[in-house]
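The structure appears right after this line, and notes come after that.
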Amino acid sequence: LLVVTCDGQDVDYVVALDTRNGKIAWKTDRTLELPRKFSFSTPLVIEVKGRKQIVCPGTGLVAAYEPKTGKEIWRVLYGDGYSVIPRPVFGHGLVYVCSGWGVPTLFASRPTGTGDVTDTHVKWRTNKLITYVPSPLVHEGRLYVVNDDGIARCLDANTGKEFWKKRLDGKFSASPLLAAGNIFATSEEGTTFVFRAGPKYELVSRNEIGEECLASPLICGGRVFLRTGLHLYCLGDA
């Protein structure tokens, strides 16, 4: 199945297409009536107690669906949060979600309930220095967030407690990437900051590409692939 969220102002649903023929396998409408209903997040497949869920943030809520039927398993409401862009991340038994504009929050929720679990399964939340575009990153008990204004933060993934924060130069749309124990964060101005994954901030290197960059970097085969407004770069040993 190819699962797509369609979060427009006029329509708001999640649909699964059969990859063999493009036909609709299931379609689940969202049920919230809100003044602004457009969002852009990407679904995430997770496994909880041996069963898979498809976690789909959207305007006003994040919900999990059964992959085969599209039946809603649980939902967390966050009011008039709209234009949700960051993808959710999953680790340490928690789903981490950013709620977009309107009511910007970052929260961690346990994906083990059913129905509306807003008041029962959200473990922690914060409205400080929230990211609107870049997705968060979770690794070894810590959650890393680089917001649109270039402020990098490291939080305890279990409690939300801040280990450190550091202002990086520039604006950011690309999501941070983890590789070989380092985190790569690329600014819109084309500067990639490489810092250690850990409870203390340690800058490893700062690399200038000199071109506008909105896309997240990719690492494959020991090489870094970086798409700018003008080129696709492959960086690594010859």
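The values are calculated or read from the model by the stated rules, or taken from the named source; none is laboratory data. As the structure is a prediction and not an experimental result, all values here were calculated from the model. Because the Cβ atoms are built from the backbone with ideal geometry, glycine has one as well, and the counts that use them run over all protein chains shown. Accessible surface is based on the protein model in full, side chains and every heavy atom, while ligands, DNA and RNA are left aside. Shrake-Rupley method; radii C 1.70, N 1.55, O 1.52, S 1.80 Å.
Laid out as a table, the results:
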item: 5 angstrom amide H check on Ile219, placed H, neighbours 5+ away; result: Phe225
item: Under the Karplus curve 6.51 cos²θ - 1.76 cosθ + 1.60, θ = phi - 60°, whole-Hz ³J(HN,Hα) for region 117-126, x wherever Gly or Pro sits; result: 10, 4, 8, 10, 10, 7, 7, 7, 8, 8
item: With every protein chain in place, the chain: carbon and sulfur % of accessible area (1.4 Å); result: 52 percent
item: Spatial separation of Cα centroids for region 92-110 and region 151-215, in angstrom; result: 19 Å
item: Pairs of Cα atoms farther than 22 Å apart, region 1-135, %; result: 31 percent
item: Reported label for calculated mean projected area of the Cα convex hull in nm² given (1) 15.0; (2) 14.1; (3) 13.3; result: (2)
item: Under 5 Å, built H, 5+ apart or other chain: amide partners of Glu212; result: Gly229
item: Cross-link reach list, lysines versus Lys161, counting only Cα pairs under 28 Å and skipping chain neighbours closer than eight places; result: Lys49, Lys123, Lys128, Lys171, Lys200
item: Average accessible area per residue (Å²) across region 42-191 - probe 1.4 Å, nucleic acids and ligands excluded; result: 39 Å²
item: Overall Cα dimensions of region 44-86 - principal axes, largest extent first, Å; result: 32, 18, 16
item: Region 90-97 - phi-based ³J(HN,Hα) in whole Hz, Karplus 6.51/-1.76/1.60, Gly and Pro as x; result: 10, x, 6, x, 10, 9, 10, 9
item: Gyration tensor (alpha-carbon) shape descriptor, region 164-238, a/c threshold 1.5; result: oblate
item: Cleavage-rule hits, trypsin sites (Lys or Arg not before Pro), region 143-238, DSSP coil, Cβ neighbours within 10 Å at most 15; result: Lys161, Lys171, Lys200
item: Inter-label distance for Lys68 and Asp156, nm, one decimal - labels placed 7 Å from Cα along Cα-to-Cβ; result: 4.1 nm
